[in-house]
Amino acid sequence: MRAPFAAMTIGLMAAAPAWAGDLTVSLHTPAGMPASEAVVMVTPEQGGPKGPIKFPWAYRMAQRNMTFVPFVLVVPVGAEVAFPNLDPILHHVYSFSPAKPFELKLYGKDETRSVRFDKPGVIAVGCNIHDDMTGYVRVVDTPFAGKTGADGELTITGLPAGPAKVTIWHPYLKAPRGETTRAIVAPATGTLRLAVTLDLRPAPMKHGGY
């Protein structure tokens, strides 16, 4: 089943350049399984459009059923992310990640705390009470970014024609910093397809429950 279109196709809020094409990235494991929750970031050699970066999805990571939802959230530099607690228990959300260490001390059901992320990077999020709870915020400084859906695909639209670097990150990728890169030449029109195999570690076992 394909993921919702809004989560799969990422375009700019402004008009695309006169010469711009699309990139569809298809990610799978060596066993042929789709690699969902992978963040794709494209950096054109000639640079991107100026001005604040905005994405169409909510900058929000909820605590629901003792799980961070979504598991991976992509936001631009400067975004303020809400962390609502939708569980009938207390949570204590924190991160020790160098890009943004923070601590949201105990708060309960239907309460929300927020954090502003002012530097690009990976922020691993946890709960100080429930060790099984893990999520990731990927802060990006390019408007050409998003994450793969359940079928392992993502389409990024409106890329300036010419050379660009594609960076793919996944929390379980067996690679330095969890990243791999590819060089592409974005087309002036039409769609370029890029297929990449990702060697992923198994997800940790969860032992949670109220």
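Just so you know, all these numbers are worked out from the coordinates, no wet-lab data involved. Predicted, not measured: the structure shown is a model, and the values here were computed from it. Virtual Cβ from ideal backbone geometry, glycine too; neighbours counted across all protein chains shown.
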Fraction of antiparallel bridges per DSSP, the chain only, in percent to nearest 5
75 percent
How would you rank E111, E37, going from fewest to most other Cβ atoms within 10 Å of each one's own Cβ?
E111, E37
XL table K109/K174; K100/K174; K119/K165; K54/K206; Cα-Cα > 26 Å flagged, in table order, is K109/K174; K54/K206
Residue order, fewest to most beta carbons within 10 Å, for M133, M61, M66:
M66, M133, M61
Quick one: length gained pulling R60 to R201 fully straight, 0.36 nm per residue minus the C-alpha distance?
48.1 nm
